[in-house]
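What follows is one structure encoded as C-alpha cells, with my remarks underneath.
The values are calculated or read from the model by the stated rules, or taken from the named source; none is laboratory data. Computed from a prediction, not measured in an experiment: that's the story for all the values here. Neighbour counts are summed over all protein chains in view; Cβ atoms, including those assigned to glycine, are modelled from backbone coordinates with ideal geometry.
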Amino acid sequence: MIIVPEREIADLMTREAAFDAVEKIFGAMAAGDAYNFPVVREAIGHEDALYGFKGGFDRAGLTLGLKAGGYWPNNLETKGIINHQSTVFLFDPDTGKAKAMVGGNLLTALRTAAASSVSIKHLAREDAKVIGMVGAGHQATFQLRQALEQRPFEKVIGWNYHPDMLPNIEKVATEAGLPFEAVELSGMTEADVIISITSSFNASLMADHVSPGTHVACMGTDTIGKQEVEPALLQKATVFTDEVAQSISIGEAQHAVGQGLISEGDVHQIGAVINGTHPGRESADQITLFDGTGVGLQDLAVAASVVDMAVAQGKAIEVDF
Ligand code: NAD
C-alpha cells in the first residue's frame, strides 16, 4: 500500500492536475462511467464533530475508494490544527485490496476550486473581465486563485459577511497583478463571473445582484439548510451541477426545487457540457449557474492523480499492508 502524507501534497499536486482530474471525472459521471455512493454524514456526539464518508467508483479510470473525514469545530482553538480533517483511501477494483492512503485536506480545497474553474471554463462568457467573490474564508482564496487562470480577468471585486476577512482575497488578486475593490452586494452587477463560497444558511446574493450574461458558481452549499443565493436566481438561470441528486437535496438547488420554482429536470450535469452532449451557454445574455456540491469521485480523482505523481517522484511511502 502507498501512503502520501498531507505534508507532501503541496509540493506534489498542481492546480492544473487537479483541474484535469476533476474535468475528466465530471465527464465520466455524465457518460455513466463513474458513480458516487450515497453520502454518510453523522454528528458523532463527541467534540461537536461532523464525520462521514463520500465514495464512488470510476469504471473508466478504475478508481475505487472513499474520503473519510469531516469537521471538528474546536480543533484550531484547542489543538492548533485545522477544523476540516479528511483522508482518502483508494482500493484496487480488481481485488478489493487497499491501494493507497492520501492526506485529503489540501486536496479538498484544490478539487473544490477545480470544480468551479471547470464550470467557468465551460460556461462563462469568453470575454469575461470582472470576477466577483462572495466569501473570503479558507476556500475562497483557492477558488479565486484557480478561477483567475480560466479567463483574462482584469479586476476582482469582493463582498463578505465579515468584511475584516476581505484582505484574504485581496491578497490573491494583488499577487495576480489585478486591482481589487470591496463592494456591496448590489455592486456584484459589475461581475461577469461570480463565485459564492460561504457557510451561510441564508441567501446573500439576490437575483437582482446578477447581470444578464453572468456565470455564477455556488460552491458553499453542501448540506441541508445551507443557502447562498436567492432561489429566484436559479429560476432565471440555466442550472448545472456536479451531480443532480446532490444538487436538489443538499446543494443550492434544494431551495428552488423545494419552493417549486424549478424541477429536477431543470438541473443539468456539467459533465454533459464537457462531453458535448449539452450545449451549455447558448447566448451572451444567458445567466448560467453551477451548483457545486462536492462529490466523492472528485476526491478520488485528485487522490489517484497525486499517488501517480508521488510514485513518479519517489515521494510515496510504500508499506507492506
Ligand atoms: P470558512 O469558515 O473559512 O469561511 C466561511 C465563509 O462564510 C467566510 O467568508 C464567512 O465570512 C462566511 N460566512 C459565515 N457566516 C455567514 C453568513 N451568515 N452569511 C454570509 N456569509 C457567511 O469556511 P470555508 O472552509 O471557506 O468553507 C466555506 C463553505 O464551503 C462551507 O459551507 C463549506 O462546507 C463549503 N465547502 C464546499 C465544498 C464543495 O465541494 N462544494 C468543499 C469544501 C467546503
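Assessment of region 83-91 against the conditions (at pLDDT below 95 and of a type outside the set (K, R)) yields at least one matching residue.
Taking residues in region 207-222 that are within 24 Å of G52 (Cβ to Cβ), and partners anywhere that are part of a loop (DSSP other than H, G, I, E, B) and among the polar types (S, T, N, Q), the pairs with Cβ atoms closer than 8 Å and at least 6 places apart or on different chains are G220/T198; G220/S199; G220/S200; T221/T293; D222/T293.
Rundown of residues vs (1) among the β-branched types (V, I, T); (2) within 15 Å of the ligand (Cβ to nearest atom), yes/no style:
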position: L66; (1), (2): no, no
position: T78; (1), (2): yes, no
position: T95; (1), (2): yes, no
position: L110; (1), (2): no, yes
position: K129; (1), (2): no, no
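Across region 71-103, the number of residues qualifying as surrounded by 14 or more Cβ atoms within 10 Å (Cβ to Cβ) and on the phi > 0 side of the Ramachandran plot comes to 0. Among residues belonging to region 128-144 that are farther than 14 Å from A217 by Cβ and touching a residue at least 60 places away in the same chain (Cβ under 8 Å), point out the one that is surrounded by the fewest Cβ atoms within 10 Å (Cβ to Cβ). Among residues in region 128-144 that are farther than 14 Å from A217 by Cβ and touching a residue at least 60 places away in the same chain (Cβ under 8 Å), the one surrounded by the fewest Cβ atoms within 10 Å (Cβ to Cβ) is K129. Residues in region 283-316 that are part of a helix (DSSP H, G or I), touching a residue at least 40 places away in the same chain (Cβ under 8 Å) and either crowded, with 24+ Cβ neighbours inside 10 Å or small (G, A, S) (or both): G296, L297, Q298, D299, L300, A301, V302, A303, A304, S305, V306, A310.
This table checks each residue for (1) at pLDDT below 95; (2) in a loop (DSSP other than H, G, I, E, B); (3) more than 15 Å from the ligand (Cβ to nearest atom).
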position: K24; (1), (2), (3): no, no, yes
position: M29; (1), (2), (3): no, no, no
position: G32; (1), (2), (3): no, yes, yes
position: P38; (1), (2), (3): yes, yes, yes
position: A114; (1), (2), (3): no, no, no
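Condition first: at pLDDT below 95, small (G, A, S) and assigned by TED's automatic domain parsing to the domain that holds S283. Can you find one or more residues in region 148-159 that meet it? Checking region 148-159: not a single residue is at pLDDT below 95, small (G, A, S) and assigned by TED's automatic domain parsing to the domain that holds S283. Scanning for something away from the ligand (no atom under 14 Å from the Cβ) and over 29 Å from E16 (Cβ atoms), does region 212-221 turn up at least one residue? For region 212-221, residues away from the ligand (no atom under 14 Å from the Cβ) and over 29 Å from E16 (Cβ atoms): present. Out of V239, V193, V183, V229, one residue alone is of a type in the set (A, V, I, L, M) and within 13 Å of the ligand (Cβ to nearest atom). It is V229. Reported count of residues in region 140-166, each being closer than 15 Å to A113 by Cβ and part of a helix (DSSP H, G or I), is 8. Count of region 213-236 residues, restricted to those that are under 17 Å from H122 (Cα atoms) and surrounded by fewer than 24 Cβ atoms within 10 Å (Cβ to Cβ), is 1.
Within the option set T223, T189, being modelled with pLDDT under 95 and of a type in the set (S, T, N, Q) holds for one residue only, T223. Against the conditions (1) of a type outside the set (G, A, S); (2) within 16 Å of the ligand (Cβ to nearest atom); (3) assigned to a helix (DSSP H, G or I), K121 satisfies every one except (2).
Examine region 254-264 for a residue that is in contact (Cβ under 8 Å) with a residue 24 or more places away in the chain and under 30 Å from K99 (Cα atoms), and state whether such a residue exists. Checked region 254-264: no residue is in contact (Cβ under 8 Å) with a residue 24 or more places away in the chain and under 30 Å from K99 (Cα atoms). All of I195, I169 fail the test of being within 20 Å of the chain's Cα centre (by Cα), in a helix (DSSP H, G or I), buried (at least 16 other Cβ atoms within 10 Å of the Cβ) and not aromatic (F, W, Y), apart from I169. Selection of first residues in region 186-197 that are assigned by TED's automatic domain parsing to the domain that holds M133 and within 18 Å of A136 (Cβ to Cβ) and of second residues that are more than 16 Å from the ligand (Cβ to nearest atom) and of a type in the set (S, T, N, Q), restricted to Cβ pairs under 8 Å at least 6 apart or on distinct chains, gives the following pairs, ordered by first then second residue: E190/S211; A191/S211; A191/T214; V193/T214; I194/T214. A100 meets each of the listed conditions (1) near the ligand (Cβ under 10 Å from one of its atoms); (2) of a type in the set (G, A, S); (3) not in a loop (DSSP other than H, G, I, E, B) apart from (1).
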